[in-house]
Structures are given as structure tokens and as C-alpha cells.
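Worksheet: the structure to be examined is printed underneath.
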2 protein chains.
Amino acid sequence: MDLYEHINGFFNPKSVAVIGASSKPGKIGYAVLDNLRRYHGKVFPINPRKDEILGLKSYPSIEDVPETIDMAVIVIRSEDVPQTIEKCAKKGVKNIVIISGGFKEIGGKYRNIEEEIAEMARKYNIRIVGPNCIGVFDPRTGLDTFFQPRHRMLRPGPGNVAFLSQSGTYGIILLEWAAMDHLGVSKFVSYGNKVDVDEADLLLYLLEEPNTEVIGIYMEGLKDGKKFYDAAKKVSKVKPVVILRGGWSEQARMAVMSHTGFLGGSGRIYWGAFKQAGLYIAKNLEDLYDMVKALAKQTFARGNRVAMVSNGAGPMVQAIDAMVLEGLELAKLSEETIKRFKEELSPFTVVNNPVDVTGSATTEDYKIVIDSLIDDPNVDMIFVFFVHSDSPLTPDIVDVLGELSKKAKELNKPILIGAAGGPYTLKLNEKAEKLGIPTYPIPERLVSAAKALYLEGIKKGT
Amino acid sequence: MDLYEHINGFFNPKSVAVIGASSKPGKIGYAVLDNLRRYHGKVFPINPRKDEILGLKSYPSIEDVPETIDMAVIVIRSEDVPQTIEKCAKKGVKNIVIISGGFKEIGGKYRNIEEEIAEMARKYNIRIVGPNCIGVFDPRTGLDTFFQPRHRMLRPGPGNVAFLSQSGTYGIILLEWAAMDHLGVSKFVSYGNKVDVDEADLLLYLLEEPNTEVIGIYMEGLKDGKKFYDAAKKVSKVKPVVILRGGWSEQARMAVMSHTGFLGGSGRIYWGAFKQAGLYIAKNLEDLYDMVKALAKQTFARGNRVAMVSNGAGPMVQAIDAMVLEGLELAKLSEETIKRFKEELSPFTVVNNPVDVTGSATTEDYKIVIDSLIDDPNVDMIFVFFVHSDSPLTPDIVDVLGELSKKAKELNKPILIGAAGGPYTLKLNEKAEKLGIPTYPIPERLVSAAKALYLEGIKKGT
């Protein structure tokens, strides 16, 4: 079995055993089974003290299951994990997800358990995700090893984004943000202490994985820097990879030790390598998400010349400040564009870039401006800011923008929206997201995401 | 009339005229009247072509109103504003809000109109807010000059935060965020081109204003730097002032010119002066809001020693990274605290700072930890991170934290929450906000807000 096939086994096993399944709501072994039982494959709870859990026949040991088991999800205490893996190996299990914590991050004898497990993975040719993680999720197959109940945590639909997260917490946040923004996911893996499967394995898998077009990673430390660098460099040439690294400070490195058991290297070394490997470096989790969203929903840009429009100019002023820091430029609008503005817009419109259509702007005013900017050869990207609550503007502006955006995409001119506020604005933002136009609450976040589209254009040789 | 009394007139006039009131939904003059008519004072629409608008008797000119008028809100085109002010002066109006744009930001002859207005304000002793703004809002009196309909824009309830914003757009965003977070507002002013009333006037007013305890300002440029500096220095000694400045870059300064007509100075000069004046400088609008929220809801801190706890360690790792940049330190927990953790918590808990209670943590585990940290003399601030979706954690943790927070406040130990995700988590965050504990989606934003509480403690001489 090659790497692709073996890793792919985590997302569509024919049968899954939940070792440590519990019948008690609130227990991790209960939540995992409850989520997994919706999976279309066969699911077997393993628990020595129960005959049936959540309507499924339960077995005392995985060896007692009278059928083949492709994958095991382990939620028992760490001391018992090695002997359980032994049993899994005998049963022919090919993929294991260890949710349980209590390993290297605790130190002492627990550190040794982890080494034992790593050795077993190699010996039996089993691929292991974890331990100390929330595992894997695939919206297409429905496979879901999380211990977060569905009424507490949204799952996104299928799409083109793969998220890899050493931290389960950050994984959950990214997935819920994606779900709320109609950003579809291809594969998700939270890999925790990564005793076996690591970022490099996953990146090489995602390179081949047909649904994945954009990859976002949150990572705390690397065991094998060279392996990661080589994989990242290979993958980023084909699919954009955005990375956030936690634990770059000396002070945090000690905390990382007791989180996933890794002693991370200094920030500077990592960032240099990330950049050389062609990765886009995020400033924080929001920035990681913001960039991934832009890359997943919009086209790359053919240059760094930005035109913008707003019915409230404040955010445009700050967008320009941010552009100076990020290396984007204000486009000099063509004479034709200026002419059209002067002919078709109110005399109070600032007919320059940035275009201030003022608080009196209607949907029609925005349409004229954006349509002209799409046609303007001097413009590479368009930022559209909205004060949706201004009374002259009607909510159909979002549908209009959805139509315009299609034309813009064909010309490789990304459109990004800046808008923030309460329920009315958030609802219109959600609609825009559904139409494939990413929205950002503050201009600095929009500009950072736009920069990734510009860099992706450079990579594409435009 | 002194400054306090005169500025205070903007928030509780006995009677208001809306000059340029419109009967057409979608028009700015309609929305302003529609919002203002809910105000408890008398409201008079002024429109030469209507006898009645929105159920209120309308007059052709302000001079025709058979009663005294304290304040006028002007929403007519800029050319007609000077003669209207002349009429207001004859009528004895003391306060004017000019919503209309089309002044200095357009340049040319429109620039001169503005100078004319400024001259009239001085001559007739009228205080003017605007032009080119959304005006004023006071949740206690209900006065509201916005052209944003209520079904499109939330208004916050009464509270201790004053927001001043040169940009109407940013003002709207801040107010809606505040409304969603149960952050109460004392006074709000969007002052646009500030032909008369400026930041310094408003700061000095807010210094005396009894409900205001925290002030947040978004500003693009200053006419009189010395006046602002003196006022800011005086006010910040008594009430914390957080400031965000847009348009520090050369490129943005040109855009500011055509937004509010100001040629802003270079960023470096401003920031130095802000710092010397004792202001807290925000990185962006979210940061401005984050800091104001912490200052308004929590106590100042007596030092920079932070303890943190989480059932998912990822955010704590990044919080530590951020603390290194912001000058906060990880507290060294007392022996007593460590002892209590070892006795009362699961053996898999990382009983060090940061405290990792792991995904198995219950509400009781959190309670033990936070209660101990409040008692620990080595701890000045407490960061509580949550993965609310983890199945072992119950939602009553927020109520428990609400109780603990009261005790912590008395000891001047601020508690801040880090949690993000979908509806379930957002609902619990909202509950925490209602209980006075500020919540932040990513650790970097939490740490920046916490730093303001630490600096405020230094200012208080703790």
C-alpha cells in the first residue's frame, strides 16, 4: 500500500471499531461513538462491560468482532494503548486514530509508551494519527472521530480546503468558521503528538487528493524539519499552503513541551524555511483562516494594483495603510473609468481610487463602479466595502455583486468584501460567502488575505 | 454656557428640528427623522414641500416652528447649509448636527462653504458636530441622529463606554459590536469633518460626564495637535482612553484628504504624542474594541503575571507567544496552588502554568483551578480558554465563572475568556459578556486587551 492509499484509509474505511466506547453521555467514548455511528461504514463499539451501546452491538475486545476491521479509534487510557494496538494488528487493522491523551506531554513513563507505539506502527505497517488529538473528519464520506457533539460543534460541508491542525482546539474553530462561511472542506486531520503520521505525510497525501485545492496548517513543532521542508516545497508549487506556527517564543516552547510533547525550534529558523518552501505565513489563527478562505473562494490576482469602493470611507483609509505594509498598491484608474464615473455618478462621488460613493450610494451606484473597475486594465484586485445599514443601499447589492464577481473571476480579478456589524450585516455577509465572495470585518484582515492572492498570482507566473 | 453644558446639549435637547426631513423611505432625511421621532423630546420635520411626515407636522422653514428649538439636524445639500445655519441662529438653536457630506472632502468651492460654517459657529455661539458624519447617539435619552434604520443597525444599551469616531462607518461597527456583547455605551459622537466640535472638546466633555468611564476614539487627522495633546493628557489620567488612528501612511493621507478633508500627519509623530499623553494605542478596529471592552467590563490588574487554564492547550501556546511581545509574564504558581491541583485534579492535568486540564475537563475541574488561581498571590490576571464543544464540559461553567469573577474583581484580578467557534460557543460567549467577562476569539486579541488592564494598573500606581 502506498502512502496515498494508506492515508486515504483514514477517510473511508469499510468498518471502524471504537475501542473504549462508552454508554455514558458526557464521556469522550460516548461522543466519539455517537458521531461515528452516522458514518455509512460499519461501526463496532468495543467495551468489555457492555453488550450494546447506542443501539450498536458491543464487543469485549476487537478480536471478538466477527468481521474485518479497517480502522480503529482508540479512546482508552494511555497505559492500555500498546496492548490494544497489538490486538488491532492481529485483527488486520490498517489505520488507527488515538484520541486519548496522557503520553509524551505528561513526560516520564508516558513518554516511553509513545515510543513503543511508534515502533509498533512501523512493525505492523499500521498508520497512526495522534495520540492526544480529535482525529479525522471528511464531509464527503461523513467520517468523524470527534468527541464534540454535533449540537455543540458545526461541521462544514464538502469543498476544496484541507485543514491540518496539531491542536484540536484550533481545528474545531477553523471547521466551525468554515461551516458558518459556507467554506467547504475536503479533509481534516488533527494529529496531536504525531507518533506516526505527520505534516509531511499529510501534505504529500493532499498533493494527490483530488478535492483539495488549498491547504491550511496549524503546527507547534517539527520532529523532522528536512522531511517537512521537502514535502512543503513540493506541494506548495501545486496547491497553496498557508501555515501558522504556535510556540515560537522561548517561553511558549516550554508550554508546547507539555502540550504535544515537542520542543519547538526558534521562530526565526522556521519562518525562513517556510518562506523558502513557498508557504504563506499567517500572523494568527484568524489570518490563517482569512487567507485560506480567499484562496479557496477567489481567483489568484495578476498583479498588486488594487481599486476600492465604499459608501463609508473610513475602512478604505485603513486598507491603504495596511497595503503599504503588505506590498499592495493603489491602482491608477484608466481615463475611461474616470470618464464613466463622472458621467454616471453623483457629483459628490470621489471619482478617484479609492472611490467614495458616500452614504447616499445606491445599489446602482455600486454596480456602475464595480463594473467599470472590472473592465479597467489598470486594476488587478477589487476591494468592496459596505455600510449595509446605510438607508439608501438595498440588500440586493449582494446578488448584484455575485453576478459581477463571475465576470471578474474569469479575468482573474479577485473581489473581496469588507463589512462588519450586527445581524443585518452578518446575514448579508453570509449571503456573499455563499456566492463565493469572501468577507472580512476589518480592512487589515482583508488586505492580508488579498496579499495571498497576489503572491499566488506571482507563483502562477502571471 | 460652559463647554460641558454646551456639548451636553447634543444629548438631551428639549426640541429637535430635522432640516431636510424626507417622506421617502430610503432617503437619508427619512431615516434620520424615523430614528429621531422615537426621542422623548419634541421633533419637528422641516421640509418646504410637505405638511406632515411620518405623522409629525412639518414646517417649510425652521423659522415657522411656533416653539423654541434647541437643536437642529441638517440633511440638506452642502450649498444650502450656510443660509440654514443663519436661520437656526435667528431661531436661537444652540446645537447643530450636520449629517450632509459634500464639503471640504470634495475640495474647491465646497471647502469655502466649510470655512463659512466654522465662522458662523463662532459668531453665533452655536456648537456644530460634523459635517459629513452620522452624528450623535445617547442610549439613556434615546437621542439618535443616525440614517441607519433600527432593523439594519443594532443600538447598544446604556453603559460606561464613550465612543468618538471621525468615521461614521467605524462608529456603526463599534456600536453594533457593543450591542451584541452587552457592552453599554454612555455617549457616541461621529464628528466627520469637525468644522467646530473636535476630539479635544469631546474629551474634555467626557472627563466631566458622570456615566463615562472608558473612552475609545477612531481618528484620521488633527487640526490642532497641541489642543488634542493637552486634552488627552488631562483626561487619560482619570479615564482610560484607547485610540486608533487611520491614515498614517503617505498613500492613505491623500485618501483622507478626500474623506474628511484633513491632511493627516505622519504616523510616527502621532504615536509618540499619543503615548506621551497616556493613551492606549490600538492596532486596528478590533483591537480598539477589544481593549475598550476589557477596560469597561473588568478591573485593572495589579501586575503583569498571568495564569491561564484551558481544556485545549493550543491557544495557550499562542497566548504565551503574544505575551512575550506585549510584556506580560507567566506567573509562577505558589506551592499551595500546585498542591491543591495535585490533590484535586486528574493525574493527567498539567499542574503547572499554563494549566492544561485536557479535553476530559469538567466544570468542576475548571472551578478548582480558577478558584485556586484567584487565591494565588503570585497571579495578577487570569486567562480562561474554553473548548466549549468538548463533551465532558457542561455549559454551566459560564455561570460558575460569573460567580468566581466577582471575587476576582474585588482583588483586582481581571479574568478574560478565550473561546471561538459556532453558535453554541458564541451563545456561551454572549452569556459571559452579559456577566461582565470579556471574550476574545484568538489569544493575540485577548493578550492585547489584557495589556491595557496591566497598563491601567500602573497608571493607578499599584
Item checked: Conditions (1) closer than 21 Å to A:LEU285 by Cβ; (2) open to solvent by less than 10 Å² (accessible area, probe 1.4 Å); number of the one not met by B:ILE374 -> (1)
Item checked: Tally of residues being more than 7 Å from chain A (Cβ to nearest Cβ), of a type in the set (A, V, I, L, M) and either surrounded by fewer than 24 Cβ atoms within 10 Å (Cβ to Cβ) or in a helix (DSSP H, G or I) (or both) across the stretch B:166-198 -> 3
Checklist line | Output for the stretch A:26-45, where each listed residue is under 14 Å from A:ARG152 (Cβ atoms) and open to solvent by 20 Å² or more (accessible area, probe 1.4 Å) | finding: A:GLY26, A:ILE28, A:TYR30, A:ASP34
Notebook entry, point to check: Considering only the stretch A:127-152, how many residues are under 21 Å from A:LEU183 (Cβ atoms) and assigned to a strand (DSSP E or B)?
Noted result: 6
Check: Is it true that B:LEU446 is touching a helix residue (DSSP H, G or I) at 6+ places or on another chain (Cβ under 6 Å), at pLDDT 95 or above and of a type outside the set (S, T, N, Q)?
Finding: no
Next item on the list: Could you check, for the stretch B:5-13, whether at least one of its residues is in contact with a Gly (Cβ under 6 Å, 6 or more places away or on another chain) and within 30 Å of A:ASN353 (Cβ to Cβ)?
Entry: no
Margin query: If I filter the stretch B:322-336 down to residues being in contact (Cβ under 8 Å) with a residue 40 or more places away in the chain, assigned to a helix (DSSP H, G or I) and of a type outside the set (A, V, I, L, M), which single residue comes out as farthest from the other protein chains (Cβ to nearest Cβ)?
Written below: B:GLU336
Check: If you go through the stretch B:236-254 one residue at a time, do you hit one that is away from chain A (no Cβ under 14 Å), more than 23 Å from B:THR169 (Cβ to Cβ) and outside any loop (DSSP other than H, G, I, E, B)?
Finding: yes
Next item on the list: Among the residues of the stretch B:286-304, write down those that are within 14 Å of chain A (Cβ to nearest Cβ) and either over 12 Å from B:VAL447 (Cβ atoms) or assigned to a helix (DSSP H, G or I) (or both).
Entry: B:GLU286, B:ASP287, B:LEU288, B:TYR289, B:ASP290
Next item on the list: Taking only the stretch B:202-235 into account, find how many residues are in a strand (DSSP E or B) and over 24 Å from A:VAL324 (Cβ atoms).
Entry: 3
Note to self: When you scan the stretch B:271-284, do you find a residue that is closer than 30 Å to B:LYS227 by Cα, free of Cβ contacts under 8 Å to residues at least 12 places away in the same chain and away from chain A (no Cβ under 13 Å), even just one?
What the structure shows: yes
Next item on the list: Determine which single condition A:PHE103 fails, assuming it passes every other condition in (1) closer than 21 Å to B:LEU345 by Cβ; (2) surrounded by fewer than 23 Cβ atoms within 10 Å (Cβ to Cβ).
Entry: (2)
Item checked: Search result, residues across the stretch A:363-406 that are away from every other protein chain (no Cβ under 12 Å), more than 32 Å from the chain's Cα centre (by Cα) and assigned to a loop (DSSP other than H, G, I, E, B) -> A:ASP376, A:PRO377, A:ASN378
Next item on the list: Taking B:PRO158 as meeting all but one of (1) open to solvent by less than 10 Å² (accessible area, probe 1.4 Å); (2) more than 14 Å from chain A (Cβ to nearest Cβ), write down the number of the exception.
Entry: (1)
Next item on the list: Specify the residue that is farthest from A:PRO149 (Cα to Cα); the eligible residues are those in the stretch A:32-60 that are touching a residue at least 60 places away in the same chain (Cβ under 8 Å) and in contact with a Lys or Arg (Cβ under 9 Å, 6 or more places away or on another chain).
Entry: A:GLY41
Margin query: I'd like to know if the stretch A:410-431 contains one or more residues that are part of a helix (DSSP H, G or I), among the small types (Gly, Ala, Ser), free of Cβ contacts under 8 Å to residues at least 60 places away in the same chain and open to solvent by less than 10 Å² (accessible area, probe 1.4 Å).
Written below: no
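Yes/no matrix, rows are residues, columns are (1) at pLDDT 95 or above; (2) not small (Gly, Ala, Ser):
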position: B:ARG253; (1), (2): no, yes
position: B:THR260; (1), (2): no, yes
position: B:ILE269; (1), (2): no, yes
position: B:LEU279; (1), (2): yes, yes
position: B:TYR289; (1), (2): yes, yes
position: B:LEU328; (1), (2): yes, yes
position: B:SER346; (1), (2): no, no
Check: Can you tell me how many residues in the stretch A:46-93 are open to solvent by 10 Å² or more (accessible area, probe 1.4 Å), modelled with pLDDT under 95 and of a type in the set (Gly, Ala, Ser)?
Finding: 0
Margin query: more than 8 Å from chain A (Cβ to nearest Cβ), touching a residue at least 60 places away in the same chain (Cβ under 8 Å), under 18 Å from B:ILE382 (Cβ atoms) and part of a helix (DSSP H, G or I): is that true of B:ALA307 in this structure?
Written below: no
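Wholly within the stretch B:32-122, which strands (runs of 3 or more DSSP E) include no fewer than the required count, namely at least 1 residues that are in contact with a Gly (Cβ under 6 Å, 6 or more places away or on another chain) and closer than 16 Å to B:GLY20 by Cβ?
Counting at least 1 such residues, we get B:95-98.
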Margin query: I'm told A:LYS427 meets every condition in (1) closer than 30 Å to B:GLU286 by Cα; (2) in contact with a Gly (Cβ under 8 Å, 6 or more places away or on another chain) except one. Can you identify the failing condition by its number?
Written below: (2)
Check: How many residues, within the stretch A:334-359, are farther than 21 Å from B:ALA252 by Cβ and either charged (D, E, K, R) or open to solvent by 70 Å² or more (accessible area, probe 1.4 Å) (or both)?
Finding: 8
Check: Taking A:ILE382 and the conditions (1) over 18 Å from A:PRO443 (Cβ atoms); (2) out of contact with any Gly (no Cβ under 8 Å at 6 or more places or on another chain), which numbered condition does it fall short on, given that it satisfies the others?
Finding: (1)
Item checked: In the stretch A:432-451, the residues that are away from every other protein chain (no Cβ under 13 Å) and in a helix (DSSP H, G or I) -> A:ALA432, A:GLU433, A:LYS434, A:ALA449, A:ALA450, A:LYS451
Margin query: Go through the stretch A:91-109 and report how many residues are of a type outside the set (S, T, N, Q) and closer than 20 Å to A:SER15 by Cα.
Written below: 8
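The values are calculated or read from the model by the stated rules, or taken from the named source; none is laboratory data. Please read these numbers as outputs of a predicted model, since none were measured by experiment. Counting neighbours? That spans all protein chains shown, and the Cβs are built from the backbone with ideal geometry, glycine included. Calculation scope for accessible area: heavy atoms of the full protein, side chains included, ligands and nucleic acids excluded. Shrake-Rupley method; radii C 1.70, N 1.55, O 1.52, S 1.80 Å.
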